[in-house]
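These notes are about the structure you will find just below.
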Amino acid sequence: MGPVCGLRPITGLGSKSLASRLVPSNWALACCRLMSAVLIPSRRSMSHLKKPWRVEAKAGEPAGRVAARVLRQRLKTIPRMLRAAAAHGDDHQPIHALRVATRRCTAALDTFGKLLPEKKRRWFAKQLKTLRRVAGEARDLDLLVERVGAQALGGSCGPAATTRRRAKEGARGSSSVLAMLTPMQEAARKPIRRARRQLSGVRWQRRVRRLIAAISGRRAEEPFGTFAARRLAATEGAFLRAVAEGPPAPEALHALRILAKQTRYAIEILGVTSPVILRLRSLVRFQDQAGEVVDLVHAGNRFQRMARRAGDAPQQGALAALSRRESALARVALKNLRASIWLGEFLLLARPRSHP
């Protein structure tokens, strides 16, 4: 049997089929979703993207021209987003937006890396990695504070006197944990403000212009449709090979999630002119579910480490309770992920295809 509806086959996945591990309902739903997905032009799946990230390209355009347009459009947003993230305030969204922007810019650098001078590409990659790291640390602490605030400490059963005592101890412990996290949360924002001072918008934009002016070589003249098809085959194949290795264990899930993000962002660039096997919607939902597991595991481990260093019993008890709660939620989230239709769809696509 050949590829469905003209889609190219993914090769190099090995002979072992993991699709047999899917329950029948997941298998049927995955087949239905896949058959409906291949009939939808890939361009429509990009329509939800905001203007800085939306790619407009034609298959016959030179790849270098598309690269210049995409890189200019994406990289010029970084100074503005960095200013917003460095501003004082209770709004955590600009920090998250900065982190996502660095990922999408990095995806553009990786996608068009062969068309760029290596030294200039490495400089931007290094700056974006630094911004992503400091924004990630600040975002992690924001999430920890939110989880402490949402945690309902204290039991609700047993004698009334015991319940009241546990509630008071829980309230003291929660306040103590927040008092510990608040200075850490503020300290995590300092590297963002320092980066804002170091990366002048004027200097950044000058470097962007120099990077774009240096795009050259035979590959820059290649039609974008040909360039995109080749890159897509490699990108989707790498992700499906990782999926085909087996259901993700907690320790391997973070790496698979990162690969899913990289694949998604590459498809956003390359999928406007070429058929896409993986659906963006499926990648996004898998990424969200995997992110929930990773965040819960990370929070549980961090609360556990903080409990070991806690200064008083109420604080230690509150942190230990938070760690247990996050770990329990992580186990449930991982179970849901392994049974999800999105993972089932990827396993279906990763099945070896027999040819007549």
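The values are calculated or read from the model by the stated rules, or taken from the named source; none is laboratory data. No experiment lies behind these values; they were computed from the predicted model shown. As a convention, Cβ positions derive from the backbone with ideal geometry for all residues, glycine included, and neighbour counts pool all protein chains shown.
Of note:
- Check on A187, closer than 30 Å to A313 by Cβ, at pLDDT 75 or above and of a type in the set (A, V, I, L, M): yes
Okay, residues lined up against (1) hydroxyl-bearing (S, T, Y); (2) under 21 Å from V66 (Cα atoms); (3) surrounded by fewer than 21 Cβ atoms within 10 Å (Cβ to Cβ):
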| residue | (1), (2), (3) |
| --- | --- |
| G201 | no, no, yes |
| T226 | yes, yes, yes |
| A249 | no, no, yes |
| H254 | no, no, yes |
| Q262 | no, yes, yes |
| I267 | no, yes, no |
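- Pairs where the first residue, in the range 61-82, is among the acidic types (D, E) and the second is crowded, with 20+ Cβ neighbours inside 10 Å, C-beta under 8 Å, 6+ apart: E61/F224
- Here the condition is being among the aliphatic types (A, V, I, L, M), at pLDDT 50 or above and closer than 20 Å to Q287 by Cβ; of I78, I95, I40, I10, it holds for I95 alone.
- Matching residues in the range 234-281 - criterion: being out of contact with any helix residue (DSSP H, G or I) (no Cβ under 6 Å at 6 or more places or on another chain) and of a type in the set (S, T, N, Q): Q262
- Here R324 clears all of (1) surrounded by fewer than 20 Cβ atoms within 10 Å (Cβ to Cβ); (2) within 29 Å of A350 (Cα to Cα); (3) modelled with pLDDT of 90 or more; (4) basic (K, R) except the condition numbered (2).
- Among the candidates V272, V294, residue that is of a type in the set (V, I, T), crowded, with 16+ Cβ neighbours inside 10 Å, touching a Lys or Arg at 6+ places or on another chain (Cβ under 8 Å) and farther than 19 Å from V70 by Cβ: V294
- Enumerated helices (runs of 4 or more DSSP H) restricted to the range 239-356, each holding at least 1 residues that are without any contact (Cβ under 8 Å) to a residue 60 or more places away in the chain and out of contact with any Cys (no Cβ under 6 Å at 6 or more places or on another chain): 250-270, 280-308, 313-338
- Selection status of R230, part of a helix (DSSP H, G or I) and buried (at least 16 other Cβ atoms within 10 Å of the Cβ): no
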